[in-house]
Amino acid sequence: MLAFAALLVLVRAGWPPLARLDRGWVALLHRYALRHPVWTAALQTLADLGPTWVMRALLGAVAVRLWALGARVPAGWTVAVALLGWAAGRAGGALVDRPRPHLADPVAAGSGGSFPSGPALASAVTCGALLVLVWPRAERPVRVAAGAVAGLVVLAAGWTGIALGVHWPSDVLAGWAAAVAVLAGSALAVELWRPGRFGRDVRLLHRRNRPRVQRVLAAPPPAEPAAERDPGRS
């Protein structure tokens, strides 16, 4: 929360070192995008695959599934982080009406304000929430793989906005900072409201799903020879 608030204050005040950093990175990456159209097209495709509404819809689907399985506290928390992430983005945009980078030859366009980055915020909230739900039930290799994939998705969402010239670097940093505040604050609130309930519901999901997985993975018993099934017929 402090990091997001600090970035909000610095951007609103137009702090010169941060402004120079933002302009330098955007100008550098924009020149690269103009010289490499294939790279730019790949980034545009990547941006089209993960808009903010897709991230929030994914959290909504996960919440519905958790509710159906009886994990009411994790389901409510999942909905809460999606709504809080959306609210944080709206609040930041209202407090800092920051225009997007203005480039002479833009390669992409965005709508609305620039601060904070919506894709960076939504991807970090979504990936962070899914990691929180998966982590207690997963084995170490699954945790490593899930963490790596989540990190790549979050970095790609942030990098794409800067490289296409639709967000300043500080917009992306603010989106990530807001996501951390949303995830940590909501998890702390749930723990204070229902101590230990979140973890118990997640472990309950693990116990309920284990027999189903074992039935799917278990090999069928070997067929008995005909002579053993009916000794009298030999």
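The values are calculated or read from the model by the stated rules, or taken from the named source; none is laboratory data. Every value quoted in this text rests on a predicted model; they were computed, and no experiment measured them. FYI the Cβ positions are ideal-geometry reconstructions off the backbone, even for glycines, and counts take in every protein chain you see. For the accessible areas, the whole protein counts, side chains as well, though only heavy atoms, and no ligand, DNA or RNA atoms are used. Shrake-Rupley method; radii C 1.70, N 1.55, O 1.52, S 1.80 Å.
In the chain, helical runs assigned H by DSSP with n ≥ 4 each contribute -39500 (n - 2.57); averaged across all residues and rounded to the nearest 500, the mean residue ellipticity at 222 nm is -25500 deg cm²/dmol. Residues in region 150-180, backbone N under 13 Å from the label point at Ala19 (7 Å along the Cα-to-beta-carbon vector): list them, ranges by number please. The answer is none. With all protein chains in place and a 1.4 Å probe, the accessible surface of region 74-114 carries 62 percent carbon and sulfur.
Dividing the C-alpha radius of gyration of region 64-126 by 2.2 N^0.38 Å, with N its residue count, gives 1.52. How far is helix 118-134 tilted off the main Cα axis of the chain, in degrees rounded to 10, range 0 to 90? On a 0 to 90 degree scale, this one is about 20. Per residue, the convex hull spanned by the Cα atoms of region 10-55 measures out at 85 cubic angstrom.
For the chain, a simple Cβ point-charge model (Lys and Arg +1, Asp and Glu -1, everything else neutral) yields a dipole of about 620 debye relative to the Cα centre.
When +1 charges are put on Lys and Arg Cβ atoms and -1 charges on Asp and Glu Cβ atoms, the dipole computed for region 98-178 relative to its Cα centre reaches about 220 debye. Projecting the Cα positions of Ala108, Trp135, Ala33 onto the charge dipole of the chain (unit charges on Cβ atoms of Lys, Arg, Asp and Glu, taken about the Cα centre) puts Trp135 furthest along the positive direction. Here the Kirkwood formula, the inverse mean of 1/r across different C-alpha pairs, assigns region 79-171 a hydrodynamic radius of 14.5 Å.
Binning every alpha carbon pair distance of region 31-106 at 10 Å from zero, what are the percents per bin? Reading the bins upward from 0: 16, 27, 28, 20, 8, 1. Quick one: plug the Kirkwood hydrodynamic radius of the chain (C-alpha pairs) into Stokes-Einstein at 37 °C, 0.692 mPa s, and report D in µm²/s. Rounded to a whole number, D works out at 162 µm²/s. Counting every pair of alpha carbons in region 132-178, the share spaced more than 17 Å apart comes to 45 percent. The C-alpha atoms of the chain define a longest principal axis, and helix 52-68 lies at about 30 degrees to it.
Between the C-alpha center of region 1-80 and that of region 134-195 there is a gap of 9 Å.
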